[in-house]
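These notes concern the structure reproduced below.
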Amino acid sequence: MATLESATAKYARKTANAAASWAAAKGRMKANYASGVARFLGAPVASHIAAAYSAGIDAAQYRGGDPEKWRRNYVAKMTGG
């Protein structure tokens, strides 16, 4: 039977090793941002905005999830607290 401790450990395990797939998705993040804004506005995003977004994504570093924060939030949500 699963316990809160085992669920917390699973969350930590699953988020700790996600850095490689997150980094691999950076190209999609940038492309999806540009196409999403273009669809929303009906015009392409300005080049300086796209460049700033791309630079931010390129500089971003993945941080694994915080298991204790997840645990606190899960308990609060499930107990109405």
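Could you say which residue among Lys30, Lys26 is more than 30 Å from Arg71 (Cβ to Cβ), in contact with a helix residue (DSSP H, G or I) (Cβ under 6 Å, 6 or more places away or on another chain) and surrounded by 13 or more Cβ atoms within 10 Å (Cβ to Cβ)?
Values: Lys26 fails: more than 30 Å from Arg71 (Cβ to Cβ).
Selected residue: Lys30, the only one of Lys30, Lys26 that is more than 30 Å from Arg71 (Cβ to Cβ), in contact with a helix residue (DSSP H, G or I) (Cβ under 6 Å, 6 or more places away or on another chain) and surrounded by 13 or more Cβ atoms within 10 Å (Cβ to Cβ).
Looking only at the stretch 33-43, count how many residues are of a type outside the set (Phe, Trp, Tyr) and exposed (fewer than 12 other Cβ atoms within 10 Å of the Cβ).
Total meeting the criteria: 5.
Quick check: anything in the stretch 48-56 part of a loop (DSSP other than H, G, I, E, B), modelled with pLDDT of 95 or more and over 19 Å from the mean Cα position of the chain (by Cα)?
no
Being surrounded by fewer than 12 Cβ atoms within 10 Å (Cβ to Cβ), not in a helix (DSSP H, G or I) and not polar (S, T, N, Q) is the filter here, so list the residues in the stretch 1-23 that pass it.
Listed by number, the residues that qualify are Met1, Ala2.
Would you mind telling me which numbered condition in (1) part of a loop (DSSP other than H, G, I, E, B); (2) without any contact (Cβ under 8 Å) to a residue 12 or more places away in the chain Tyr62 fails?
The number of the failed condition is (2).
The values are calculated or read from the model by the stated rules, or taken from the named source; none is laboratory data. Not measured: the values here are computed from a predicted model. Here Cβ is always computed from backbone atoms with ideal geometry, including for glycine, and neighbour counts include all displayed protein chains.
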